[in-house]
Amino acid sequence: MGAQQVREGFAALYGAAPEGVWSAPGRVNLIGEHTDYNDGFVMPFALPHATTAAVSRRDDGVLRLHSANLAGDAGGVVELSLDALEPQSDRSWTAYPAGVVWALREAGHPVTGADIHLASTVPSGAGLSSSAALEVVIALALNDLFGLGLQRWQLARLCQRAENVYVGAPTGIMDQTASACCEAGHALFLDTRDLSQRQIPFDLAAEGLRLLVVDTRVKHAHSDGEYGKRRVGCEKGAALLGVDALRDVPYDGLDEALARLGDDEEVRRLVRHVVTEDQRVERVVALLESGETRAIGPVLTEGHASLRDDFRISCPELDLVVDTALAAGALGARMTGGGFGGSAIVLAEAAEVDTLGKAVEEAFAAADFTAPRVFEAVPAAGARRVS
Ligand code: GLA
């Protein structure tokens, strides 16, 4: 939905034009999965799919929220009192924007209320960070309107806090940073320990390549226990190894670390995934920087095997996308995002992408799975003011 429509939607709801309109994208992660809460490396890029928010300030401690996609229970405007915002008191979509307002105020920023109308083109529950897009668009709008002067990485941190504490999902920092900091035509190489970042040019079209996203339509939910269990398992691994985070296990010290973990097979598998995945991110960065883009394909596929076999967060639909795409000639394929459903990415020669997409659709039909949503991803811009 365009900025103009969202602006008009706001005026129709609240009886006046908004002070401005902001937009924040969803993301796919090229490589670096479940490394962000281990202080490791990630490499997401922004999608053209975004959440758009028309926003005006209020000074009476009231937050009014409306979404064109996700109307409140009564289908109308949801009105909340800022003083009554309470972590984990809200199980609906409004917890995300309300959580951001809560996190800003809790950090001492003078946000006194707002009227907000939203519309999103980011598919929800598809592992494409619809939640982060929603959080970041609100944080950026309020940062601008209330003159808070926060930098993008700070906004990302506050959004993560909103999601961890207010919503109650124990996610890392990748998605919010991707939505806030990505640049068009680039993937974001992010060190989640200190949030240092490098924009890596990622222009597939120039090399005759394309990247498909396949949304399996299997819904994932991070507040569910499995994501949290992996996180706790990783923390246990770090504690047993005497390091602050699994990031601190050197690549060439992995075998020794695994030996030290003895017969705790579950923790060994988690540790092996995280350490090898950090290394895969660095390998992908090196390949892209030396112009060997096609060579990242097998690294992506290795990443999938690690998530499937060691981290154990794939599902039959994701595996079917990967197996079918590879059998049909893809350069590489892997699940992306938190797992347990959601989306996969497929890297392929431009000329082969249509055949590949069809092969995946046919395989889903033959397996009696819900038809997937297949689209091409071109790295888009991060969050911004649009009018
Ligand atoms: C979700 C979380 C991220 C990250 C990924 C897995 O998207 O929100 O913080 O942990 O899963 O890489």
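Taking the range 186-224 and a reference point 7 angstrom along Cα→Cβ of Thr355, the backbone N atoms nearer than 19 Å belong to 208-213.
Angle of helix 225-241 to the longest C-alpha principal axis of the chain, folded into 0 to 90 degrees and rounded to 10: 60°.
Amide H contacts of His186 (H built 1.01 Å from N, in plane; Pro and chain starts excluded): Phe202 sit under 5 Å, all sequence-distant by 5 or more or on other chains.
Backbone phi angles across the range 131-138, fed through the Karplus curve with coefficients 6.51, -1.76 and 1.60 (θ = phi - 60°), yield HN-Hα couplings of 5, 5, 4, 5, 5, 5, 5, 5 Hz in residue order; Gly and Pro are listed as x. In this simple spin-label approximation, Glu289 and Leu254 carry label points 7 Å from Cα along the Cα→Cβ vector, and these lie 2.0 nm apart. Under a 5 Å amide H cut-off, with hydrogens placed 1.01 Å from N, Leu209 pairs with Ala350 among residues at least 5 apart or on other chains. Here's the picture: a label point sits 7 Å out from the Cα of Arg57 along the beta-carbon direction, and within the range 74-117 the residues with their amide nitrogen under 14 Å of it are 109-115.
Under the simplified labelling scheme, the Val232-Arg384 pair shows an inter-label distance of 4.3 nm, with each label point 7 Å from Cα along Cα→Cβ.
Compared with the dominant Cα axis of the chain, that is its longest principal axis, helix 152-161 is turned about 90°. Bridge orientation summary for the chain: considering DSSP beta bridges with both residues in this region, about 90 percent are antiparallel. Compared with the dominant principal axis of the Cα atoms in the chain, helix 353-366 is inclined by about 90°.
The HN-Hα couplings worked out from phi for the range 117-130 by the Karplus form 6.51 cos²θ - 1.76 cosθ + 1.60 (θ = phi - 60°) are 10, 10, 8, 10, 10, 7, x, 8, x, 9, x, 10, 6, 4 Hz, whole numbers, x standing for Gly and Pro.
Computed from the C-beta positions of Phe369 and Gln88, the FRET efficiency with R₀ = 41 Å rounds to 0.75. When peptides 319-331, 199-211, 77-89, 46-58 are sorted by average Cβ neighbour count within 10 Å, with the highest value leading, the order is 46-58, 319-331, 199-211, 77-89. Taken one residue at a time, the phi angles of the range 170-183 give Karplus couplings (6.51, -1.76, 1.60, θ = phi - 60°) of x, 7, x, 9, 4, 5, 5, 5, 4, 5, 7, 10, 5, 10 Hz. Gly and Pro are set to x.
Any read-out appearing in this document is the output of simple, stated calculations on the displayed coordinates, not a laboratory observation. Bear in mind the structure is a predicted one, so any value in this text is a computation, not a measurement. Here the Cβ is made from the backbone with ideal geometry for all residues, glycine too, and neighbour counts use every protein chain on show.
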